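I have placed the structure first, in the form of structure tokens, so that the comments after it can refer back to it.
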Amino acid sequence: MFDEFQIQLTTFDWNGVSGLTNVLMVILTGLLLYGLKQGSNNIKESALSRDADILRWAMTEMDHLKPAIRLITDAHKRHPYCNCPNEHIKHNDCYWNDEELKAAQEVSVKLQRIGYMALHNLISRNHFMNVWGPMFLSTWYALEPWVKHKRLDLDEPQKIEDGAYSRIYLEQFALYCEQNLPLVLVNNERRRFNLPMHKPSPVTFKTWLLAKVKGTNEKLNI
């Protein structure tokens with residue numbers, strides 16, 4: 001019986017090596033996929049944490065600005081910055097005192113920065129709008145005459161489409177809020193400042209379809 005048992009040292013079985021290699025490759029691929037998944041989760045968590053930190057910072061800034069914003073909005077309700085009935089002119093009487101002018105400068109500078117970050121999604125644009133959009137709008141309604149006169153003093157056009165630059169991100173994000181907040185909220189703010197009410201704009205089928213495809217309700221011109 002022992003004569004039938006033979007060991008062949010000269011024959012190398014490549015099939016066995018190939019099978020072992022396949023098993024190792026499967027294990028390594030599984031480990032690689034697990035590592036990639038963990039890395040992706042870590043990146044997402046870091047991004048969410050960063051976004052939350054920036055949003056908290058923006059909210060803290062808005063909280064600090066509340067007294068100055070109240071000062072500006074109250075001043076505007078008492079009397080707008082200027083008495084320009086149709087078109088703003090460079091030389092006009094100013095109806096705000098030094099404290100209100102200082103508040104306008106501080107608020108406009110900080111909201112310019114926050115507006116830039118929100119427009120470029122460095123702050124979660126929609127989260128910030130949902131929390132602070134109405135206040136941002138009311139601040140813009142109060143500051144608009146002041147901003148227009150600042151542009152006149154700097155020899156800039158008054159309108160963004162004509163090349164205005166001063167406080168451009170403040171105005172752009174205010175317009176973004178105006179176009180994307182619920183119409184009821186927008187009209188509530190406009191009513192407080194005796195501005196004409198906005199009417200619902202008809203949504204064409206093309207606009208609706210594009211919004212569905214893009215998975216967003218943002219206006220196409222923003």
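The values are calculated or read from the model by the stated rules, or taken from the named source; none is laboratory data. Owing to the predicted nature of the structure, the values given are computational and were not obtained by experimental measurement. Every residue, glycine as well, gets a Cβ built from its backbone with ideal geometry; the counts of neighbours run over all protein chains shown. Only protein heavy atoms, including side chains, enter the accessible area calculation; ligands, DNA and RNA are left aside. Shrake-Rupley method; radii C 1.70, N 1.55, O 1.52, S 1.80 Å.
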Selection within the stretch 127-176 - touching a helix residue (DSSP H, G or I) at 6+ places or on another chain (Cβ under 8 Å), open to solvent by 50 Å² or more (accessible area, probe 1.4 Å) and polar (S, T, N, Q):
Q172
P182 vs. criteria farther than 17 Å from L65 by Cβ, at pLDDT 90 or above and in contact with a Pro (Cβ under 6 Å, 6 or more places away or on another chain)
no
State whether one or more residues within the stretch 55-65 are open to solvent by 90 Å² or more (accessible area, probe 1.4 Å) and either outside any helix (DSSP H, G or I) or among the hydrophobic types (A, V, I, L, M, F, W, C) (or both).
yes
Can you name the residue in the stretch 114-125 that is in contact with a helix residue (DSSP H, G or I) (Cβ under 8 Å, 6 or more places away or on another chain) and of a type outside the set (G, A, S) and is also farthest from S138 (Cα to Cα) among such residues?
L122
Under 6 Å between Cβ atoms, at least 6 apart or on separate chains: pull out the pairs that start in the stretch 167-186 with a residue that is under 21 Å from V107 (Cα atoms) and end on any residue that is part of a helix (DSSP H, G or I) and open to solvent by 60 Å² or more (accessible area, probe 1.4 Å).
Y169/Y116
Can you say whether A118 is in contact (Cβ under 8 Å) with a residue 12 or more places away in the chain, under 18 Å from P67 (Cβ atoms) and among the small types (G, A, S), as far as the supplied structure shows?
no
Output for Cβ contacts, cut-off 7 Å, separation at least six or different chains, first residue over 19 Å from W132 (Cα atoms) in the stretch 33-60, second among the small types (G, A, S) and at pLDDT 75 or above, reads none
When the stretch 54-73 is checked residue by residue, the ones that are basic (K, R) and more than 19 Å from the chain's Cα centre (by Cα) are K66, R70
The stretch 67-98 - residue that is assigned to a helix (DSSP H, G or I), closer than 19 Å to V109 by Cα and touching a residue at least 40 places away in the same chain (Cβ under 8 Å) and, of those, most open to solvent (accessible area, probe 1.4 Å)
H76
